[in-house]
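To start, the structure under review is shown below, and the notes come after it.
The values are calculated or read from the model by the stated rules, or taken from the named source; none is laboratory data. This is a predicted model, so every value here is computed, not measured. Backbone-built Cβ (ideal geometry, glycine too); neighbour counts: all protein chains shown. Protein only, heavy atoms only, side chains kept; ligands, DNA and RNA dropped before computing areas. Shrake-Rupley method; radii C 1.70, N 1.55, O 1.52, S 1.80 Å.
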Amino acid sequence: MSNVEQKMNQNLSRNIDTNVKVIQSLLKQNDDVVERTFYLPNQQGNKGTLFYVEGIVDTDKIERALKDLMYTSSANSNAVQTTSTESNLAMSIQTHMSHNSSVKVANTLQEGINGILLGDCFCIIDQSEQGLIFSGKGGEKRSVEEPMAEQVVRGPRDGFTEDIRTNTALVRRRIRDVHLKVEGLELGTKTKTTINVSYINGIVKESLVEEVKQRLNKIEIDGILESNYIEEMIRDAPYSPFSTVLNTERPDKVAAALLEGRVAIFVDNTPFVLVVPAHFWDFLQASDDYYLNFLTGTFIRWVRYIAFIISLTIPSIYVLLTSFHQEMIPTALALTIASGREVIPFPVLFEALVMEIIFELMREAGLRMPKPIGQAVSIVGSLIIGQAAVQAGIVSPFMVIIVALTGISSFSIPNFSASYSIRLIRFPLLIASGTLGLLGFIGMFFLLAIHAVSIRSFGESYLAPATPFKPKDQKDLLIRFPWWHMKNRPELAADNGIREANEKPAPPDKGNSETASNKISDEMNSDANTTSTANKKDASVQRKKSKRIKRKTVKLKDLMKDKNDEDQKSQDNE
Amino acid sequence: MKIKITNGMYMALIINMVYAKSIGVTQGSIARDVGSDMWISTIIATVSAMLLILLTVMIIRRMPKADIFDQSKAMLGPWVGKLICLVIFIFFTLSFGPIMVTFVFHLKDFFLPEAPLFLFVFIAVLVGGFAIYFGIEVIARMALIGVFSILLLNGLLILGALEDFDVRELLPVFEFGITKPVIASRHHLADWSIVIMMCLIILPLVDNQKEWGRSSLVGVIFSFIFIVMWPILETGVLTSQVTSQYLIACMQMARSAHLGFFLHRYEMFMIAFFGISILTQIAIALLCGSVALSKLFGLKDFRPLIIPVSLIMGGYGYWVVQSHNHAMDILENSWVSLSLSITLGVVGVVWILGFFLKKKFKSEKG
């Protein structure tokens, strides 16, 4: 055991100066480690010291902790005085003085040092054999932004960040269920990276969770800087070009995977979350498939499947047809290709390889260069070099079209790991086709197919549910069935029962007054009837009134007339 | 954990194992015997195959966890058991001849006439050996994809050939009498013999034991549906005379099929979609040969024998396909008689002896 390890493993001393010296010796030559001394406001005036690393802590939290310790109210201070003994001073402070929501007691130096390095604040107090760890994690963080590599037209715009807590919160915000579990562990002897394993209890198979934990616990490495470190060490097929662990920047994708009974692995300091098990088809499916109308979703999914086939096979098929099996090309097309190739001095295979390599070169250069220059590289590469190469008679125009088509197709594959895999396996297929024609193509294709069929991802067949054929899971493979039709969870889930119980939506049935909409329409009709009845009543009353008035007016007129006649008669008599 | 395959995979294996050769090479042989009645011979052979496969299921059901090697060892003792292993290994080595004929001549005659023969055999053995290294489950899963390919190929061929189809070419029915189509069915029954021998070895690995019989029958019926379309189309489009002129009649059929201007020839579709079927045949032949040899030498795992078996079978296959006449001679004469003798012999002997040695099964089970 080294000197450092010996120091780390020792318990805290009652003498604060001894503890401070040990911590100083362990964290020496670290300019960013801050040491702050203070005195408790109790009668003894115990000396205390805080240690933290500047930059990874939230200074406000530290200041609040310090304020609690130095200027706490006399009532609380007295409580500490009366309840504390020498052995539980730290615990008493935790209970009576601190406002920090997640302060905990540390018994060893190891706990304290780990706390400091994780971004917490370690506090040691004189005459106490225990220290306190105040939660102080903070520092500068990237805010939640739209994922760079997995953009969608319709759907949530938030993506994972480098902060693991933000990432788990983004998923928890989507699954507000008591069964959602986020288990933590630490990997990397030097980096001590926080890893979270997340799943939904009851939906996930327990054996899968156990397997994930077992594989993670087997990892012995000094540092985990990105989730690929984990991915490479938990894969089922370590030498395979196919990725058997799904990685994503999208919280909605992780939430969907958890609801299907998968397990997510969050790694601190990376926005890429791992999802296991992963099937081959998962890499060709995008979140959009589920956020758009199922017909549109199915259509774009098919476009991607076709893009995958084009990206993998088109250069090889072109090379084998033009090099070996010209008779298979329709005559008119064969003549066009031949006229384009007339001045090309190289064999088709060489031409294809050169073009593919140049394309990869441009893609890589465009990616690595600063953004504005990267775009320029792409434009210069595609327009100027392509045009110039054709005019110079180095490559045929048809080959440029083939390579461009292949490139565009590979861009439409939503997962970049899958895109890289396809780029990788395209080359052996191309070489086999260019050297042995159809025989080479078939041979290499079947070797790849057999390999893909043979691999597994955490016990699940990689090509499932296509092969082995799982009839119930076909609702989300070639065709994305409407949500009201996907009643069960996929077979990989433990709870394979009803996922949703909605029926196919339909307009309200006129004869059936059971449905809510019918009730509404009935109510509306009855209101209208009531209104009209009331109106009718009012009208009849009005009519009766007017008739009465008319009758009275006529009577009045008759009376007036009679009176006038009588008056006239009397006047005549006079 | 012992590897298990589902009943669906088992059916897919049956379909793929018989499809590749039966649609063209076999139909050419039958056409040379009975002309336009080749579809009738296909039906007769299929009915015979149904009976044989049911017999196979009955045999394996006696000791459901034991394949034919273990069963014969339990029933007749280790030496007879070893003899059965040797016979079955010889059978699968012989079967590699017609399988290579199908694979090599499809590619060599129609795509790469100048390529060296060795290359075809080497690639076949390489891919087959690679597949069997992962075990029966991987081959069975590939076979599932193969069924979809077969469906696509058949669909495309119907679309491309229906325009030129003339139903009158199927007439007269029973042109050569009733006996001749029955005798000619031996060619197709020889194809089925490979399936029967495969079932004797892999049936204990099939998951649902209760459904063995039904799955086997359904597999045979589906195979028949997929295959019988070919002799009918070959007769109606190519005519039986033309079909009989070719060793690989199905490729000629594919060549004459077309969909519009740009899909003017189907050979590439043919290779692309029937490829899984022929590679399943290659892989299963290698697997069964390796398993037989491993049981013969008392090895627990067949994998160490993949390379030696590949060399033996590949060598025999290479010898068979050296020339067309040689290949046709073996295909239509020695292979048919040997395969049927071995299959009927093994199945018949084990089935009959099983009645007399029932006690041995009980003691083994107990």
Report the local net charge at A:Asp163: Lys and Arg +1, Asp and Glu -1, summed over other residues whose C-beta lies under 11 Å from its C-beta. +1
Tally Lys/Arg at +1 and Asp/Glu at -1 over every other residue whose Cβ is under 14 Å from the Cβ of B:Ala161; what's the total? -4
Note the angle between two axes, namely the Cα long axis of helix B:25-34 and the longest principal axis of the Cα atoms of chain B, as a number of degrees from 0 to 90, rounded to the nearest 10. 70 degrees
Taking loop as defined by DSSP and a crowding limit of 13 other beta carbons within 10 Å, which trypsin sites (Lys or Arg not before Pro) in the stretch A:163-264 fit? A:Arg173, A:Arg176, A:Lys190
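Go ahead and estimate [θ] at 222 nm for the protein assembly as shown from helices alone: -39,500 (n - 2.57) per DSSP H run with n ≥ 4, summed, over the residue count, rounded to 500.
So the calculated ellipticity at 222 nm is -20000 deg cm²/dmol.
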Helix B:38-62 versus the longest principal axis of chain B: what angle, 0 to 90°, nearest 10, using Cα atoms? 10 degrees
Would you mind computing, in nm to one decimal, how far apart the modelled labels at A:Leu478 and B:His264 are, each placed 7 Å from Cα along Cα→Cβ? 3.0 nm
Take the residue pairs A:Lys213/A:Lys487; A:Lys21/A:Lys104; A:Lys192/A:Lys253 and return only those whose Cα atoms are more than 24 Å apart. A:Lys213/A:Lys487; A:Lys192/A:Lys253
Please work out how much length the chain gains when fully extended from A:Lys213 to A:Asn293, using 0.36 nm per residue of separation minus the C-alpha to C-alpha distance, in nm with one decimal. 25.0 nm
Quick one: angle between helix B:78-110 and the longest Cα principal axis of chain B, in degrees between 0 and 90, rounded to 10, please. 20 degrees
Accessible area of A:Asp288 in the full protein assembly, 1.4 Å probe (Å², nearest 10): 20 Å²
For the stretch A:2-59, which trypsin sites (Lys or Arg not before Pro) are both in a DSSP coil and crowded by at most 11 other Cβ atoms within 10 Å? A:Lys28
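Shape of the protein assembly as shown from its Cα gyration tensor (a ≥ b ≥ c, root eigenvalues): rounded if a/c is under 1.5, otherwise prolate when a/b > b/c, or oblate? Show your work: numbers first, answer last.
Working: a/c = 2.01, a/b = 1.29, b/c = 1.56.
Here the protein assembly as shown falls in the oblate category.
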Partners for B:Lys300 among aspartates and glutamates (Cα-Cα distance below 16 Å; same-chain residues under 8 apart left out): B:Asp67, B:Asp70
If I take all pairs of Cα atoms in the stretch A:290-461, what percentage of them are more than 23 Å from each other? 48 percent
What FRET efficiency comes out for B:Asp166 versus A:Leu333 if R0 is 25 angstrom and r is the Cβ-Cβ distance? Round to the nearest 0.05. 0.20
Given R₀ = 51 Å, FRET efficiency for A:His179-A:Ile379 by Cβ-Cβ distance, to 0.05? 0.50
Taking every other residue with Cβ under 14 Å from the Cβ of B:Ser294 and scoring Lys and Arg +1, Asp and Glu -1, one gets +2
Going through the cross-link list A:Lys181/A:Lys504; B:Lys21/B:Lys65; A:Lys61/A:Lys218; A:Lys141/A:Lys190, which pairs have a Cα-Cα distance over 29 Å in this structure? A:Lys181/A:Lys504; B:Lys21/B:Lys65; A:Lys61/A:Lys218
Averaging sequence separations of C-alpha pairs under 8 Å and six or more residues apart, then dividing by the length of the stretch A:291-396, give the relative contact order as a whole percent. 25 percent
If R0 is 60 Å, what FRET efficiency do you get for A:Lys141 and B:Asp70 from their C-beta distance, rounded to 0.05? 0.40
A:Asp558 and A:Leu448 label points (each 7 Å along its Cα→Cβ direction) are spaced in nm at 11.0 nm
